[in-house]
């Protein structure tokens, strides 16, 4: 118990350091741009691929489960839209990014810790926590919503393509379904969740990397911990935010 | 001037440093020597603020580093340069960017002025033309020299060096030693070197502090070191047969002079 509380305390102290005494703005600009490319642009491929298949699977599963003739065919498009916007695009993409981005952040910072690069920053008087973590946090907060919007679009489009190609639904029914009872708050809800997830996915792995010690083995362990704990935190935050924002 | 006063440091139940008192000679090369695991690196980390001692003070020109406010800390850190055992170069930056880093953080020089200063430093450490190489493309000695260039680019008043010759061949070690000596005397900095390389100590050391069991066991210059009767020091310095031979020869010379 004291271990968990100790970790919470150390995490919040690190966050205080991240937001206190930042370096000159011009120092951060290139760092944020670099991180936006690493975290955002370089994740476009994997997010698009997963969204495509997830949209397709949701469409096929929904079509396969509609047995009653009383349920209209446009339900397939409607369900795909709701699933992609409300849950898949934000939460599942966040879990995927926890694996890709989270492990990258934890191992990068962890390696800097064990090779004394963070000590070198501290000795130069640089706020190492802010210098290393803040650009990743800002870049994630900017880029994750774009990835989520892209995931929504790709998933729904793939649903339309696969649904019509497999004759599970007609294109007209699918389009009617995705337009039916559309409420843009669903997108706002998803984007709000994404901002929280971006914070979790950039800071928890960074925390585990920042306090890594020992050698390469420990960096690997801290990377695993960073991914696992950030996934758990995403799911807990998902539940709490859904409770707050939807009910 | 740097003074370490009554420093003690423990990790959980393990006492690593006990009541350390050292006045480092300003503008000279001060060595901290001792066997592995005796607390040399912990003392160095306490001095540069990477570790906080349990008790004691570390005075930079009379001001206690441990009680400085944030601005004082930042100011003193700009007067400190450090060469790490593994050089601690930033992997994602080229040699030029690594050396330029302190200037990027703290100076208002133009890019051209910064590059000029970087090139001066690289010339000093004999790394001309290596500006665009990444740390992964450098040899151990080149990494150390890049680390030295980065440490001295702000003309530090205090230069800390952790195991400068570890992992280097004897020839490269001499190059690094000579660099440390030249830089110390050119910049007038107070240099503190943690090492257990006796060649290096005898080559460039002005003042030697021997630490054993977390305590300062002996202090003096290299001539006094050779004639010291301190058993722990002698066991450390004259551990090899070669060094014992030197000691015997010295004794022989001394007795001849006495006759």
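The values are calculated or read from the model by the stated rules, or taken from the named source; none is laboratory data. Just so it is clear, the structure is predicted and the values come from calculations on it, not from any experiment. In this analysis, Cβ positions are derived from the backbone assuming ideal geometry, glycine residues included, and neighbour counts consider all displayed protein chains.
Things to note:
- Number of positions in segment B:29-43 that are in contact (Cβ under 8 Å) with a residue 60 or more places away in the chain and within 14 Å of the chain's Cα centre (by Cα): 9
- Looking across segment A:1-22, just one residue is in contact with a helix residue (DSSP H, G or I) (Cβ under 6 Å, 6 or more places away or on another chain) and at pLDDT below 90, and that is A:22.
- Residue match in segment B:169-179 (condition: more than 30 Å from residue A:22 (Cβ to Cβ), touching a helix residue (DSSP H, G or I) at 6+ places or on another chain (Cβ under 9 Å) and either in contact (Cβ under 8 Å) with a residue 40 or more places away in the chain or within 13 Å of chain A (Cβ to nearest Cβ) (or both)): yes
- Looking across B:34, B:62, B:27, B:81, one residue alone is within 12 Å of chain A (Cβ to nearest Cβ) and either in contact with a strand residue (DSSP E or B) (Cβ under 7 Å, 6 or more places away or on another chain) or surrounded by fewer than 22 Cβ atoms within 10 Å (Cβ to Cβ) (or both). It is B:81.
- Test: residue in segment A:17-39 that is within 30 Å of residue A:161 (Cα to Cα) and either touching a residue at least 60 places away in the same chain (Cβ under 8 Å) or in contact with a strand residue (DSSP E or B) (Cβ under 6 Å, 6 or more places away or on another chain) (or both): yes
- Unmet criterion (only one of (1) surrounded by 20 or more Cβ atoms within 10 Å (Cβ to Cβ); (2) at the interface with chain A (Cβ under 10 Å from one of its Cβ atoms)) for residue B:75: (1)
- Meeting the requirement of 1 or more residues that are on the phi < 0 side of the Ramachandran plot and away from chain B (no Cβ under 14 Å), the helices (runs of 4 or more DSSP H) wholly within segment A:60-156 are A:75-83, A:93-97, A:103-114.
- Meets criteria (at pLDDT 90 or above and within 21 Å of the chain's Cα centre (by Cα)) for residue B:142: yes
- Test set (1) closer than 25 Å to residue B:221 by Cβ; (2) more than 20 Å from the chain's Cα centre (by Cα); (3) within 14 Å of chain A (Cβ to nearest Cβ) - residue B:46 fails condition number: (2)
- Reported count of residues in segment B:124-151, each being in contact (Cβ under 8 Å) with a residue 24 or more places away in the chain, assigned to a loop (DSSP other than H, G, I, E, B) and in contact with a helix residue (DSSP H, G or I) (Cβ under 7 Å, 6 or more places away or on another chain), is 8.
- Condition met for residue B:115 (under 20 Å from the mean Cα position of the chain (by Cα), surrounded by 15 or more Cβ atoms within 10 Å (Cβ to Cβ), modelled with pLDDT of 90 or more and more than 11 Å from chain A (Cβ to nearest Cβ)): no
- Residues of segment B:188-213 satisfying the condition of being more than 16 Å from the chain's Cα centre (by Cα) and under 21 Å from residue B:166 (Cβ atoms): B:212
One line per residue, one yes/no per condition, for (1) over 16 Å from the mean Cα position of the chain (by Cα); (2) free of Cβ contacts under 8 Å to residues at least 60 places away in the same chain; (3) within 24 Å of residue A:100 (Cα to Cα):
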{"position": "A:177", "(1), (2), (3)": "yes, no, no"}
{"position": "A:193", "(1), (2), (3)": "no, no, yes"}
{"position": "A:201", "(1), (2), (3)": "no, no, yes"}
{"position": "A:220", "(1), (2), (3)": "yes, no, yes"}
{"position": "A:226", "(1), (2), (3)": "no, no, yes"}
{"position": "A:234", "(1), (2), (3)": "no, no, yes"}
